[in-house]
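Chemist: Before anything else, here's the structure in question.
The values are calculated or read from the model by the stated rules, or taken from the named source; none is laboratory data. Note that this is a predicted model, so its numbers are computed, not measured. Virtual Cβ from ideal backbone geometry, glycine too; neighbours counted across all protein chains shown.
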Amino acid sequence: MSITWIMVANASQAKLYENQGPNKGLHLLRELSHPESREKAAQLVSDRVGNFQGSGSYAQHTDPKHHEMERFAHQVAGTLEDGRVKNAFEKLVLVASTPFLGMLNQRLSSQLQGRVSLSLDKDYTKATDKELAGHLGAHMRL
């Protein structure tokens, strides 16, 4: 029996599903949430730019929303890596919004990348389990 993990994510939430083979459907394993990614940039940083003595002001070089998205991608990749180390699945399907999918792919180990059987740049985080199965059914047997 071949177990496939399906990670459905965007920058602020992720759902991890398991499929244990054809006609077995989807089983929700875990949900992850990162509400900081939904915050406005102004709420993620302090009001004032810091000063260093004698060096002028210090401006932040990284967009705070981008930084939060990176943190969440790291968390999601860590969850997937834990499953790989435990041999919890043989195949991995990634379904994520376009910018987040790229960020997530950058954080996957080479061993984990080797298990990715399908990658879709779609945001199905709001889809019901039945709707998600319908969307994925065109690409794989659930």
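Chemist: If you go through region 112-142 one residue at a time, how many are part of a loop (DSSP other than H, G, I, E, B), surrounded by 13 or more Cβ atoms within 10 Å (Cβ to Cβ) and at pLDDT 95 or above?
Modeler: Total satisfying the criteria: 7.
Chemist: Still on this structure: Quick check: anything in region 60-75 of a type in the set (Gly, Ala, Ser), touching a residue at least 12 places away in the same chain (Cβ under 8 Å) and out of contact with any Leu (no Cβ under 7 Å at 6 or more places or on another chain)?
Modeler: No, the conditions are met nowhere in region 60-75.
Chemist: Can you name the condition, by its number, that residue 73 falls short on among (1) over 17 Å from residue 32 (Cα atoms); (2) buried (at least 19 other Cβ atoms within 10 Å of the Cβ)?
Modeler: (1)
Chemist: A further question on this structure: May I ask you to list the residues in region 116-142 that are without any contact (Cβ under 8 Å) to a residue 60 or more places away in the chain and over 27 Å from residue 66 (Cβ atoms)?
Modeler: Listed by number, the residues that qualify are 128, 130, 131, 134, 135, 137, 138, 139.
Chemist: Let me ask something else. Look through region 35-93, keep the residues that are at pLDDT 95 or above and polar (S, T, N, Q), and return whichever of them is nearest to the chain's Cα centre (by Cα).
Modeler: It comes out as 75.
Chemist: Using beta carbons and a limit of 8 Å, which pairs, at least six apart or on different chains, have the first residue in region 9-30 and within 15 Å of residue 89 (Cβ to Cβ) and of a type in the set (Ser, Thr, Tyr) and the second one at pLDDT 95 or above and part of a loop (DSSP other than H, G, I, E, B)?
Modeler: These pairs meet every condition: 17/26.
Chemist: When you scan region 14-34, do you find a residue that is at pLDDT below 95 and of a type in the set (Lys, Arg), even just one?
Modeler: yes
Chemist: Among the residues of region 80-111, count how many are closer than 16 Å to residue 8 by Cα, free of Cβ contacts under 8 Å to residues at least 60 places away in the same chain and not in a helix (DSSP H, G or I).
Modeler: Residues in region 80-111 being closer than 16 Å to residue 8 by Cα, free of Cβ contacts under 8 Å to residues at least 60 places away in the same chain and not in a helix (DSSP H, G or I): 1 in total.
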